[in-house]
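Where a number appears in this text, it was derived from the coordinates with a stated rule and is not lab data. These numbers come from a predicted model, not from an experiment. Every residue, glycine among them, receives a Cβ derived from its backbone with ideal geometry; neighbour counts consider all protein chains shown.
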Amino acid sequence: MKLSLSIHFQQAVFERNISIDHLKKAIREPDSSHSAFGERTVSRKTVDGKLLEVVYTRGGKNEYRIITAYYILNE
C-alpha cells in the first residue's frame with residue numbers, strides 16, 4: 001500500500017500524533033466508510049480505543065492520497 005500525504009496533512013500527522021500504521025488500517029479495514037465530495041472517501045476505524053477518521057482519494061491500484069485525518073474525541 002502506497003500512501004502520499006497532502007501538504008496540509010504532512011505537518012498535521014505529527015501534530016496530531018497519528019501513526020501511519022493506523023492510517024493504513026483505517027483504509028484497509030474500516031469500521032465504516034462512505035463517499036464524499038470530489039471522489040473522496042471517508043473511513044472510520046477505532047484504534048487503541050480512539051476513533052480515527054481518514055479522508056482520502058484513490059490513485060492507482062494500491063495508491064492512496066491522504067487529504068486529512070484526525071481522532072474524533074466525543075461522538
Which pairs do you get when a residue that is under 15 Å from Asn17 (Cβ atoms) and without any contact (Cβ under 8 Å) to a residue 12 or more places away in the chain, found in the stretch 44-55, comes within reach of a residue that is part of a loop (DSSP other than H, G, I, E, B) and among the aromatic types (Phe, Trp, Tyr), reach meaning Cβ atoms under 8 angstrom, with the pair 6+ apart or on two chains?
none
Neighbours by Cβ (under 7 Å, 6+ apart or cross-chain): first from the stretch 9-29, free of Cβ contacts under 8 Å to residues at least 24 places away in the same chain and surrounded by fewer than 17 Cβ atoms within 10 Å (Cβ to Cβ); second in a loop (DSSP other than H, G, I, E, B) and not basic (Lys, Arg):
Lys24/Met1
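Name the residues in the stretch 8-48 that are among the charged types (D, E, K, R) and more than 17 Å from Arg58 (Cα to Cα), would you?
Glu15, Arg16, Asp21, Asp31, Lys45, Asp48 - these are the residues of the stretch 8-48 that are among the charged types (D, E, K, R) and more than 17 Å from Arg58 (Cα to Cα).
Which one is nearest to Ile72 (Cα to Cα) among residues in the stretch 1-60 that are part of a loop (DSSP other than H, G, I, E, B) and under 11 Å from the mean Cα position of the chain (by Cα)?
Filtering first and then ranking leaves Ile18.
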